[in-house]
1. With Cβ to Cβ distances under 15 Å as the rule, what net charge do the other residues near residue 103 carry (K, R +1; D, E -1)?
2. Which aspartates and glutamates, if any, have their Cα less than 15 Å from the Cα of residue 126, not counting same-chain residues under 8 positions apart?
3. Rank by packing, highest mean first: peptides 100-106, 70-76, with packing defined as the count of other Cβ atoms within 10 Å averaged across residues.
4. Quick one: check the C-alpha center-to-center distance for segment 59-74 versus segment 82-139, whole angstrom.
5. Summing +1 for each Lys or Arg and -1 for each Asp or Glu, what net charge is found among the other residues whose Cβ lies under 12 Å from the Cβ of residue 117?
6. For a 29 Å ceiling on Cα separation, which of these pairs sit above it: 64/110; 64/158; 69/110?
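Read-outs: derived from the displayed coordinates by stated rules, not from any lab. For clarity, every value in this text was computed on a predicted model and none was experimentally measured. Backbone-built Cβ (ideal geometry, glycine too); neighbour counts: all protein chains shown.
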Amino acid sequence: MRFITLAIVGVSTVAATVFAQNPPASTITALHEPVVTSEIFVEKAMQAGLYEVEAGRVALMRSKDPGVKIFAERMVKDHGAAGAELAAVVAGTAYPATQQLNAEHQDRLKKLQGVTAGAFDAAYGKDMMDAHGEAVTLFTNASSASEVTAGLRGFARKTLPALQSHYEAAKSLPHPEK
């Protein structure tokens, strides 16, 4: 009996050690998801919106594809309006509504501007799909995060369907060959 007890304890210890070294994927995902606070949400949402507007303006000047131009017009209009609404939500709070792209987004915009004319529409399409995928994740997390103020959660919930629509529309834009 004592041998069986020791064997069970030994197997349990080995299993716990293996689990600790190789946790299930759901545990890994939960550990690596960033916590969204009001400050982080406002900064990332403002930057994403400003970038969408500026990238849309670039696309309006450079694109040869009528579908890309229509999408770009929608980005300038929708993200401009969302940025103004977010600025109004945070007016008078400690969360600044910046109106300038940060270095990361400036670099991303420069990269887009530097794409050759023939490759522009595909580069813009991929960039818009990536950017809106990131935005959907951010707004989804913020819409239910207890660390985000009620007003900002409401803004995230209200804006999320438009971002999801943008993401779906971006999938139909030209993309680079795989």
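1. Values: positive: 44, 108, 110, 111; negative: 43, 54, 104, 107.
Around residue 103, the surrounding residues sum to 0.
2. Straight-line reach from residue 126, under 15 Å: 52, 65, 134, 168, 177.
3. Numbers: 100-106: 12.9, 70-76: 19.1.
Highest-to-lowest ranking by the protection proxy: 70-76, 100-106.
4. If we compute the Cα centre of each part, the gap is 16 Å.
5. Values: positive: 62, 64; negative: 65, 121.
That sum, taken over residues with Cβ under 12 Å, equals 0.
6. Working: 64/110 19 Å; 64/158 33 Å; 69/110 19 Å.
Table pairs above 29 Å Cα-Cα are 64/158.
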